[in-house]
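See below for the structure under consideration.
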Number of protein chains: 2
Amino acid sequence: MEPRNLLRFLFLSFSLALVLILTWFQLPDQPNKADLLDCNDNSQLCIFKNRFHLLKKPPFPTRRRQHELDTPHHPLDPLTIQELNTVRTILSSQALFKSSSGYALHSLVLQEPEKRLVVNWKKGDPLLPRKASVIARANGISHVLTVDLANHQVTVQETGSFSGYPIMTLEDMITATGAPLADADFNSTILQRGVDLTDLACLPISSGWYGKSEENRRLIKVQCYSTKGTANFYMRPIEGLTVLVDLDTKEVVEISDKGSNIPLPKAANTDYRYSSIQKHNQELRLINPISIEQPKGPSFTIEDDHLVKWANWEFHLKADPRAGIIISQAKVRDPDSGELRNVLYKGFASELFVPYMDPTDAWYFKTYMDAGEYGFGLQSMSLDPLNDCPRNAYYMDGVFSAANGTPYVRSNMICVFESYTGDVSWRHTECPITGMEVKEARPKVTLVVRMAASVANYDYIVDWEFQTDGLIKIKVGLSGILMVKATSFDNMNQVGNQESLYGTLLSENVIGVIHDHYITFHLDMDIDGSNNSFVNVNIKKQQTAPGESPRRSYLKAVRNVAKTEKDAQVKLKLYDPSEFHVINPSKKTRVGNPVGYKVVPGGTAASLLDLEDPPQKRGAFTNNQIWVTPYNRSEQWAGGLFVYQSKGEDTLAVWSNRDRPIENKDIVLWYTLGFHHIPCQEDFPIMPTVTSSFDLKPVNFFESNPILRIPPNFESDLPVCKPAASV
Amino acid sequence: MEPRNLLRFLFLSFSLALVLILTWFQLPDQPNKADLLDCNDNSQLCIFKNRFHLLKKPPFPTRRRQHELDTPHHPLDPLTIQELNTVRTILSSQALFKSSSGYALHSLVLQEPEKRLVVNWKKGDPLLPRKASVIARANGISHVLTVDLANHQVTVQETGSFSGYPIMTLEDMITATGAPLADADFNSTILQRGVDLTDLACLPISSGWYGKSEENRRLIKVQCYSTKGTANFYMRPIEGLTVLVDLDTKEVVEISDKGSNIPLPKAANTDYRYSSIQKHNQELRLINPISIEQPKGPSFTIEDDHLVKWANWEFHLKADPRAGIIISQAKVRDPDSGELRNVLYKGFASELFVPYMDPTDAWYFKTYMDAGEYGFGLQSMSLDPLNDCPRNAYYMDGVFSAANGTPYVRSNMICVFESYTGDVSWRHTECPITGMEVKEARPKVTLVVRMAASVANYDYIVDWEFQTDGLIKIKVGLSGILMVKATSFDNMNQVGNQESLYGTLLSENVIGVIHDHYITFHLDMDIDGSNNSFVNVNIKKQQTAPGESPRRSYLKAVRNVAKTEKDAQVKLKLYDPSEFHVINPSKKTRVGNPVGYKVVPGGTAASLLDLEDPPQKRGAFTNNQIWVTPYNRSEQWAGGLFVYQSKGEDTLAVWSNRDRPIENKDIVLWYTLGFHHIPCQEDFPIMPTVTSSFDLKPVNFFESNPILRIPPNFESDLPVCKPAASV
């Protein structure tokens, strides 16, 4: 074949492959009886099957993995397959969706009923009217609609006239990455770089907003990699080549190539798959098998598919295409009264902000907002049983909608399990000083709810961990693969003192670029009811008066109740520390302290970008670590409802600057977890997990230690185990 | 009986009891064959016995719990019983120890050989000469001696002429608490407060140093509690009563009583013992049994009683009366070369500082330095198997010396176990964007070394957690019982706005006083050898030049190598962040980065007391979170060798201010973990564990991810378990 014909052949093959992929994605993961019994795809079921003989009864009621028959039981249950199909039917009769240019559903989820109604709803009550919230694009315009499933009425929601576009559909991302192949210049550039088109993998990179050129059309930047010799193509960037694509027309708008002299990094030692390691006899076995075992089964149940009941906790759990996991109506049982008490009405990862620290042409725009641009839930893949979660995990599926409204199932998207690290929930031993014989310790067992989003290269593991002492730990682990930059350097001795690599040389010709990660959580606290206040308990140095004490100084706690939002814009300060309480001012403990929970920051990082830098304007919700807003149903997404290419007019920072009253009101707490990441060689070719977390912790919520009365472990309670091979 | 006779009777009974206790403590825990086979005292052995039938061979070689026959195998092995007895024999022939007034050994431990010799020593080499380091008091003078066990030579060590006294002996603490009973005024005060002398429990509270009155004699303050109706006497303080006692003469120097109007808090709901909960049928069972199981046994061995070998790690572990745990010569195996590489020559908790925030008469002096005053190891009690550590734990004993030189064994003082939380050591899933079928995740298993010190009321759980990716996490958990203050208030509505409680009303008449905890770790890093440098990798905002980029700003890493100690006095700054690397400037990776480890701070707190406040002068090692000093064998204890009543002339802050060169030298890193603790009702009557930690993490130490090649879990590797009851 002539080169020209080869090119044509390759392009046609690729287009065919693309069409096949697209077709597959129109009907992704359609549940199918045969599939559901296949252990390769659904090994979770098989695990439980293996364990059933150990148990008198299965740990969970036999689950309907056939989601076609799902029905909602709780006002917050996600839309079922039947309901999603109903919505599609209703929409298809609307004039708007009959346009010849077609339409795309960018979001189709339950429109949660009014909070007041949900709070008053009890099991056994008739279900509240079911509605869908739809974000659709048709004729180049974004529409936000409410669809009433009972009366089939469609109403338009007012959203204000902000810049920005809805979350991308998976179809947007896939078509964007295929678009450059229609461009002959692009194809010849790829060949000039020494990459076969069959080895090409491209990523859709959100363009952000930097001015006029990112306004009035949906744009995306496509960058490509070579998959030759490795599954870890991320380590083989075709550096400096950026293709600007119109997301609606699929046109190539512009190709920028500033990296033609930069070599393609090698494939050697980049593949991380076990199959590849095995093939090369490189396996490194360091540890004997280890497992968390519960001989009497788990201590939790999941009622009606979504209501988790564990130890002294109860909460509603669902998958969400944008947030990933939504925890609702978390309540903890008071050990004295036996009553379930409200803690958190709704908690979820509202937005992420991931700015890379390289101002050059092919990198400056990399300032991702993963939830609002890509969908934190859409990018959450099925978890790997035994490795993403321990053997004793229970799995929950996500039911989402494709761009054309077809429902699909993301199986095993969430896992729920009990964890026991060997840690101690409380202890005390008397020491020889008193000579008393006391030794008391209690094991610490927690319940973990987990998802893992793979937003292209990066993996975010999000855990909601519930403790019996009332604490909720929200933990984010970062793993996956670095976004790297190719370079002509293969050793640091070639790099001049004044030269900036914007990162670390990780391997020959590979730089790990410095970046930050921010994850902002929406935490609608309802401490024993909706009307709460935010209190900054400031720890202040107090000098003693002359003669008052041999001490010159001590620390004093000064309580400041926030009146309005600006009082609750908190930048953490190590040398002017505070505790941050959400209290119910109307409810006091027996000795008169207001009941509350505090947010306890863990290791954290603050965004240091210029406040006027366009990415920081869009990511302005990271300007403080803590914010408190009055509850407003429309203020769910910290970066705004329409984040894609937005200018940042609809962020949490804008809302908070309205400075509304927040004292003794229904309030929402926002907390941002931050990470600075200077890559190191250990992050190559795949990163060991780095974790950070924060806690929601009871503070005078209970009258006393709520787990005072739990028993210790006894040998006779624990299982007798044999190596599997010996059975 | 007349009241006067009753008093005399009680006093005599108590004195008799005291003599019995003291006698018992002269020979504490003398190992005895019968004891060691008793499951009640040594249930750890029994656990392993129970498990042996599951395993082809015992998980560990049968251990010599009869420590009388122990012999040292490694230059850093602690003194054995035989060696301790030899030291006692040698000392008893010295004139100094023949004084009629007697003597007390405040410390008797191995004098570690010179670092250079230890580093060069290899298994099979003759053991280095064994020496003991002794701190003794005789004739009112403190002596620091070196005893050569081979030639029986005793030499005096130069220590400088600093204020302060050695660590208290357990006998000091016990005699101090008995001393007030010799005072009739004290006894009548106790009776006036409505407390029977038989119900009295007293605590020895280090006096600190505040000026002339704490100079030239060893002093302690004794405060007392009622044990009536509860094992948790800490909740029943006889408030405001402080007895100043001379530690050497056992005289009562002064009694201060400022609390006669303050009621004794009630005993109700304070007892936390399971036996007490059971008696009242109050048990709260929330969780089914759960256990970490290793069907093929642990993945570690302990050679020669002290050399721990696990996965890719090897380190020397021993108990120490002052530090608790000492980790030495921690080395990690390079996955490429297979060689063991040095990371940490020596790591331990060097000092604690726990200032309470109440300047009043009975509280101002409570500014504990638990390691140097009480002995962090001396206060580490035997761990409770199954509850302080999981079932798969291995236990190690401490062998210490009593004040008269008699060796004794603290059994099960340290536990070592593998932990598996269900967490992920690394993962990546390909998402629909690329359409590739990749799902890889690896379970995370760690090795934990744990001790728990009960310094009277408070419990500190110290974990050294080793990860296969080269990270060491140093974690401190706080549990145990608050030091509380009695008050006449039983509800916050009685407390005026201007009134300071110095804490939180936890229950009727009980205030939890605000306090801080600081734990300063000595970390003698040896990254691939002793000569290292400390690098502050500062993350700085960089503005772009006009026209350079659509971005206005980005973050840049700027490396600053510390030349002298003052360059390495680090106050953490959230808004001017840095990474803190210890590198080996002479060793580079393949691509030319210097090999290193970084210290990664976790949640932290800074001491905010006035720098001129006497407690802060003594605790000046908390003035920065990070310090780096050149290695100096005598600089082990951050608060000074003689901490008790010291003025702070010999602290880490003083050493560091000498500003010695530290570039490319053998250096020691010091890190302080901090906690502010405003008590809350959940801390009553016993505190749920609060944890903080920091990490030592490889940074360009390995050429790439060192655990790339570990296998995932497979179902066939995991155990088959049955409930114990069904066997």
Descending packing, highest mean Cβ count within 10 Å first, for A:546-553, A:200-207 is A:200-207, A:546-553
Percent of Cα pairs exceeding the 14 Å cut-off, where the set is segment A:333-387: 73 percent
When the dipole is taken about the Cα centre of the protein assembly as shown, and only Lys, Arg (+1) and Asp, Glu (-1) are charged at their Cβ, what size is it in debye, to the nearest 20? 820 debye
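If you count, for every residue in A:570-577, the Cβ atoms of partner chains within 10 Å of its Cβ, what is the mean? Let's see the in-between values first.
Working: counts 0, 2, 2, 3, 12, 8, 2, 6.
If you average over the peptide's residues, the count of other-chain Cβ atoms is 4.
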How much solvent-accessible surface does B:Lys98 expose, in Å² to the nearest 10, with a 1.4 Å probe and all protein chains in place? 140 Å²
Between the label point of A:Lys250 and that of the same position in each other copy, find the distances and list them shortest first in nm, with every label point placed 7 Å from Cα along the Cα-to-C-beta direction. 9.5
Give the long-range amide H neighbours of A:Tyr368: residues separated by 5 or more places, or on another chain, with amide H under 5 Å away, using H modelled in the peptide plane at 1.01 Å from N. A:Val354, A:Tyr356
With +1 at each Lys and Arg Cβ and -1 at each Asp and Glu Cβ, the charge dipole magnitude of chain B around its Cα centre, to the nearest 20 debye, comes out at 1580 debye
Note down the nm distance, to one decimal, between modelled labels 7 Å out along Cα→Cβ at A:Asn261 and at B:Asn120. 5.2 nm
Residue mean of other protein chain beta carbons inside 10 Å, B:593-599: 2
What are the extents of the Cα atoms of segment B:302-437 along their three principal axes, listed from largest to smallest and rounded to whole Å? 71, 44, 31
Defining the label point at 7 Å along Cα→Cβ, can you sort the distances from A:Ser276 to the same site in each other copy, shortest first, in nm? 6.0
What ³J(HN,Hα) values, in whole Hz, does the Karplus curve 6.51 cos²θ - 1.76 cosθ + 1.60 give for segment B:417-423 when θ = phi - 60°, with x put for Gly and Pro? 8, 8, 10, 9, 9, x, 7
Between the alpha-carbon centers of segment B:182-203 and segment A:120-150, tell me the distance in whole angstrom. 72 Å
Going residue by residue through segment A:94-103, the Karplus relation 6.51 cos²θ - 1.76 cosθ + 1.60 with θ = phi - 60° gives ³J(HN,Hα) values, rounded to whole Hz and with x marking Gly or Pro, of 7, 3, 3, 8, 9, 4, 5, 6, x, 8
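For segment A:546-610, what does the equivalent ellipsoid look like in terms of its semi-axes, each the square root of 5 times an eigenvalue of the Cα gyration tensor, given largest first in whole Å?
26, 23, 12
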Once the label point is placed 7 Å from Cα along Cβ, list for A:Gln94 the distances to the corresponding points in the other copies, in nm, shortest first. 9.1
With a point put 7 Å past each Cα toward its Cβ, work out how far A:Ala268 is from B:Lys587 in nm, to one decimal. 2.3 nm
Applying the Karplus parametrisation 6.51 cos²θ - 1.76 cosθ + 1.60 with θ = phi - 60° to the phi angles of segment A:514-519, what ³J(HN,Hα) value in whole Hz is obtained for each residue in order, glycine and proline being reported as x? 4, 7, 10, 10, 10, 10
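With N set to the number of residues, divide the alpha-carbon radius of gyration of the protein assembly as shown by 2.2 N^0.38 Å and report two decimals.
Details: Rg = 32.8 Å, N = 1454, 2.2 N^0.38 = 35.0 Å.
Normalised Rg, Cα atoms only: 0.94.
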With every protein chain kept in place and a 1.4 Å probe, the residues B:Leu611, B:Leu669 fall, from largest accessible area down, as B:Leu611, B:Leu669
Not counting ligands, DNA or RNA, and with a 1.4 Å probe, what is A:Thr71's accessible surface area in Å² rounded to the nearest 10? 70 Å²
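Between Rg and the Kirkwood Rh of segment A:134-293, both from Cα atoms, what is the Rg to Rh ratio? Before the final figure, lay out the partial values.
Working: Rg = 21.7 Å, Rh = 19.2 Å.
Rg/Rh: 1.13.
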Dividing the surface of the Cα convex hull of segment B:449-597 by four yields a projected area in nm² of 17.0 nm²
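Please give the contour-minus-distance gain from B:Asp196 to B:Leu611: 0.36 nm per residue of separation, less the Cα-Cα distance, rounded to one decimal in nm. Could you put the intermediate results ahead of the total?
Values: separation 415, 0.36 × 415 = 149.40 nm, distance 4.30 nm.
Length difference between fully extended and current span is 145.1 nm.
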Taking amide H positions as placed in the peptide plane 1.01 Å from N, state which residues far from B:Leu506 in sequence (5 or more) or on other chains have amide H under 5 Å from it. B:Ile511, B:Gly512
Under the Kirkwood approximation for Rh and a Cα-based Rg, what ratio Rg/Rh is obtained for segment B:554-664? 1.02
In Å, the Kirkwood hydrodynamic radius from C-alpha pairs for segment B:651-727 sits at 20.0 Å
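At 1.306 mPa s and 10 °C, plugging the Kirkwood radius over alpha-carbon pairs of segment B:400-518 into Stokes-Einstein gives what diffusion coefficient in µm²/s?
Values: Rh = 19.7 Å.
This corresponds to a translational diffusion coefficient of 81 µm²/s.
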If amide hydrogens are placed 1.01 Å from N in the peptide plane, which non-local residues have theirs closer than 5 Å to the one on A:Met525? A:Tyr345, A:Leu669
Restricted to Cα positions, what overall size does segment A:300-717 have along the principal axes? Three whole-Å values, descending. 69, 61, 51
Per principal axis, descending, Cα span of chain B in whole Å: 91, 66, 65
Where the centroid of each part is defined by its Cα atoms, how far is segment B:538-555 from segment A:291-332 in Å? 45 Å
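Per 0.36 nm of contour for each residue apart, how much would the distance between A:Ser488 and A:Arg660 grow if the chain were fully extended, relative to their Cα-Cα spacing? Could the numbers behind the result be given before it?
Details: separation 172, 0.36 × 172 = 61.92 nm, distance 5.40 nm.
Gain on stretching A:Ser488 to A:Arg660: 56.5 nm.
The values are calculated or read from the model by the stated rules, or taken from the named source; none is laboratory data. Note that the structure is predicted; figures quoted are calculated from it, not measured. Using ideal geometry, Cβ is built from the backbone for each residue, glycine included, and neighbour counts are taken over all protein chains shown. For accessibility, only protein heavy atoms count, side chains too; no ligands or nucleic acids. Shrake-Rupley method; radii C 1.70, N 1.55, O 1.52, S 1.80 Å.
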